[in-house]
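The values are calculated or read from the model by the stated rules, or taken from the named source; none is laboratory data. Just so we're clear, the structure is a prediction, and the values are computed from it rather than from any experiment. Every residue, glycine among them, receives a Cβ derived from its backbone with ideal geometry; neighbour counts consider all protein chains shown.
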Amino acid sequence: MGVPFFAARDVVAAVSPTAAYAAVRDAFVAHARGEWTMQPKLYVTNYPAGDFRAMPALGGGHALLKWVTSFPGNPARGLPTVSGLVVLSDAETGVVEAVLDAGSVTALRTGAAAVLAAETLGVADASAAVIGVGVNGLAVARTLTALERSVEVWDVDEERARAAAAEIGIGVAASRGDALAAGVVVTVTPGREILLQQGSLRPGQHVSLMGADGPGKAEIAVEEIRRVRVFGDDWEQGTPEPRVRLYCDEWAQASHGGEFAAAFKQGAITQEDVTELGAVLIGEAPGRQFPDDITLFDSTGLAIQDLAVAIAAYERAEELDLQQIDL
């Protein structure tokens, strides 16, 4: 039986950034309503080299398993940081329907999730900046641009930042500090360095934290989360006083290996302090309440997001000249 294989170029051809955005939004809604299900990702670690992740999901008449890696040292070897496969199956028969490149699916859904959080929780029409323009950061910038948002990029590798900006047709931030001062900030780094130190967040900002997707990674200091949670008096913005609101894609994952995991373990926050994005999308929880609110979104990457992108690609299989795999 021939099964279509979506190489990276095929996934990109099948699913535009705007299509991925719509599909991922629908997946968040379906998951919040209990219509789509998944288990927290399983890590098989080989630190310090990297880790393997197994991610299953069920929904929309399909089931999915993503086997994907994160090996941060690979670019120095001329290899991708993220690689692996996505297997899509029919939920009624169990028959494999398609196999897809995991790196391209991951990039599309990462871009979609970061921007969905920004659009849902950020101030409308705020300036945006993406810090880190590897494969996933580039996908975030493309998604913001596709939704006609003004965006600049910054990367520790200046040449990579310039190349990414030229490819998309956007600007490069003058410095990391300028990028971190944007109204909407998306951090897409390996998570080995704290970008947001204590005292760095500003009233009205939204930050999508995309890099800390595993234990030990962080892009924001626990002290900064702790400071803003007590609604410090160092802002002079009038009333109501700026408040920080914490959001995540899914608490079970975020509390284990996400950006908020260290803060949770240290007692700086509790589960009650954090709202899942899907609950906001279906109207069960509030998003931003006032312009001066600060919103933080902790993304760990959900299998339902991968499922949404995989289904969107599979629905266009007959339009593409795909390689067939005999199983």
Q: Please state which of the following conditions T93 fails to meet, knowing it meets all the rest: (1) free of Cβ contacts under 8 Å to residues at least 12 places away in the same chain; (2) within 22 Å of D155 (Cα to Cα).
A: (2)
(Q) Taking the condition of being surrounded by fewer than 18 Cβ atoms within 10 Å (Cβ to Cβ), at pLDDT 95 or above and at negative phi, how many residues in segment 27-43 meet it? (A) 4
Q) How many residues are at positive phi and surrounded by fewer than 18 Cβ atoms within 10 Å (Cβ to Cβ) if we restrict to segment 138-191? A) 2
Q. Only one residue in A139, A129, A113 is among the hydrophobic types (A, V, I, L, M, F, W, C), assigned by TED's automatic domain parsing to the domain that holds R245 and out of contact with any strand residue (DSSP E or B) (no Cβ under 6 Å at 6 or more places or on another chain). Which one?
A. A139
Q) In segment 153-205, how many are among the charged types (D, E, K, R), part of a helix (DSSP H, G or I) and over 13 Å from S127 (Cα atoms)? A) 6
Q.
Return the residues of segment 287-327 that are among the β-branched types (V, I, T) and either out of contact with any Pro (no Cβ under 7 Å at 6 or more places or on another chain) or not assigned by TED's automatic domain parsing to the domain that holds P190 (or both); say none if nothing qualifies.
A. T295, T300, I304, V309, I311, I325
